[in-house]
């Protein structure tokens, strides 16, 4: 074979490989059976399918595949499955998390695998801070926004002294630190904290420590069923009569599980709510018809992230990760999730956030009518200035 022929063969082979790589494969590695299963879980899979259907079911002339795995809230399982899919299944986009530790493990592997990874449901601000990478996008909210919303609001309302009940892993420690920094900067003080293992069923000893602290505010730096179980226990102990509970991360599914009798009056920060406007209500009606539940904010974010990625692939004309990431950073996210979202150089989706208060039973008009809007925060107010980011990718 001549050199020219060999070169042509090599060029054709490279072209064939690129064509093969342009098949879109979306993977979702999430908590499907543990404390965060209601946050995204099976409902998140339905949201992905809805987004793919709304996009037309195909991109670049090829159908779109979905891969699903349960990380069981174990970082090694999440990272191993991600590596497996990237190496053998043609993975082009990863969704998931619902656990900061798992998301950090997958983001660490992503520095090598170069697959656009949309971290959703995991709150840890370090994902787009010191632990950022060029392929991870934090989509929805983070510990900074949660603290700037809930902690600031409660502090301004007179809640000066805090005791934290904190999930004992990266998410909890980052959330507690964010809230503590806000409290101290605003003239308040932290009188104590206690670390609680993920999936705890008995909160009695931890709540007794909180009660003995004499603090005004019980900062719940946990989420999912850990949050709902700890708040129920605090109410049963009568602790919510002497301490104001601060729900630092709470989802609609948690309020549904707890009930308004206990949850009423809670201040919380959210990135989306099903009853915000006509667009959110239209999406939620379709989702409810399939799942028989109103969507949580992360489930809505999964839908939005899937569509945003598919639009970027179409615009780039390829699934090549670098070209798709370039498109994503140029994208204005304008859909039912947000109308003013931008993906910053550190990977954070900056968008409006909402401070909500849980309605009383008499204010609620029925199932799922749980929140009233207190304040809308701009993206910069919620997440902070890009110049303040600890991400090494941000040019100072």
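Data for the structure
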| quantity | calculated |
| --- | --- |
| Order by protection proxy (mean Cβ within 10 Å, highest first), peptides 208-221, 93-106 | 93-106, 208-221 |
| Crossing angle, helix 100-113 versus the chain [Cα axis fit, 0-90 degrees, rounded to tens] | 20 degrees |
| Projected area, mean over directions - region 259-396, Cα convex hull, nm² | 10.0 nm² |
| Degrees separating the helix 75-88 axis from the principal Cα axis of the chain, which is the longest one | 20 degrees |
| 162, 85 arranged by Cβ crowding within 10 Å, fewest neighbours leading | 85, 162 |
| Relative contact order (%) - criterion: Cα under 8 Å, at least six apart; region: the chain | 18 percent |
| Extension reserve of the residue 288-residue 242 stretch, reckoned as 0.36 nm per residue once the Cα distance is removed | 12.8 nm |
| Relative exposure of 294, 327, 84, judged by other C-beta atoms within 10 Å (fewest first) | 84, 327, 294 |
| Debye intensity ratio in log₁₀ form over the Cα atoms of the chain, taken at each q of 0.08, 0.11 Å⁻¹ | -0.41, -0.75 |
| nm² value of the averaged projected area, convex hull over the Cα atoms of region 29-119 | 5.6 nm² |
| Full-extension gain in nm, residue 279 to residue 393, via 0.36 nm per residue minus C-alpha separation | 37.6 nm |
| 5 Å binning of all Cα-Cα separations within region 233-336, expressed as whole percents from 0 upward | 2, 11, 16, 16, 13, 13, 11, 7, 5, 4, 2, 1 |
| Viscosity 0.890 mPa s, 25 °C: Kirkwood-radius Stokes-Einstein D of region 90-181 over Cα pairs, µm²/s | 177 µm²/s |
| Per-residue [θ]222 nm for the chain (sum of -39500 (n - 2.57) over DSSP H runs n ≥ 4, rounded to 500) | -13500 deg cm²/dmol |
| Under 20 Å from the residue 362 label point (7 Å along Cα→beta-carbon), backbone N, region 258-278 | 259-267 |
| Spread of Cα-to-Cα distances over 5 Å intervals beginning at zero, given as percent, for region 255-309 | 4, 17, 23, 26, 17, 10, 3, 1, 0 |
| Relative intensity, log₁₀ I(q)/I(0), of region 285-364 from a Debye sum that treats every alpha carbon as a point, q = 0.11, 0.13 Å⁻¹ | -0.40, -0.53 |
| Residues 236, 176, 46, 380, sorted so that the one with the fewest Cβ neighbours within 10 Å comes first | 380, 236, 46, 176 |
| Equivalent ellipsoid semi-axes - Cα gyration tensor, region 343-396, angstrom | 35, 10, 7 |
| Spin-label pair residue 375/residue 261, simplified geometry with 7 Å Cα→Cβ offset, distance in nm | 3.3 nm |
| Relative packing of 128-136, 330-338, which averages over residues the other C-beta atoms within 10 Å, highest first | 128-136, 330-338 |
| Whole-Å distance, taken between Cα centres, linking region 287-333 and region 66-141 | 15 Å |
| Mean projection area, nm², convex hull over Cα of region 173-307 | 9.7 nm² |
| Förster radius 25 Å - calculated FRET efficiency between residue 23 and residue 329 (Cβ-Cβ, nearest 0.05) | 0.60 |
| Computed over region 98-143, Cα set: Rg, Dmax in Å | 9.1, 26 |
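No value in this document is a laboratory result; all are computed from the given coordinates. Everything quoted here is computed from the prediction, not taken from an experiment. Note: ideal-geometry Cβ built from the backbone for every residue, glycine included; neighbour counts use all protein chains shown.
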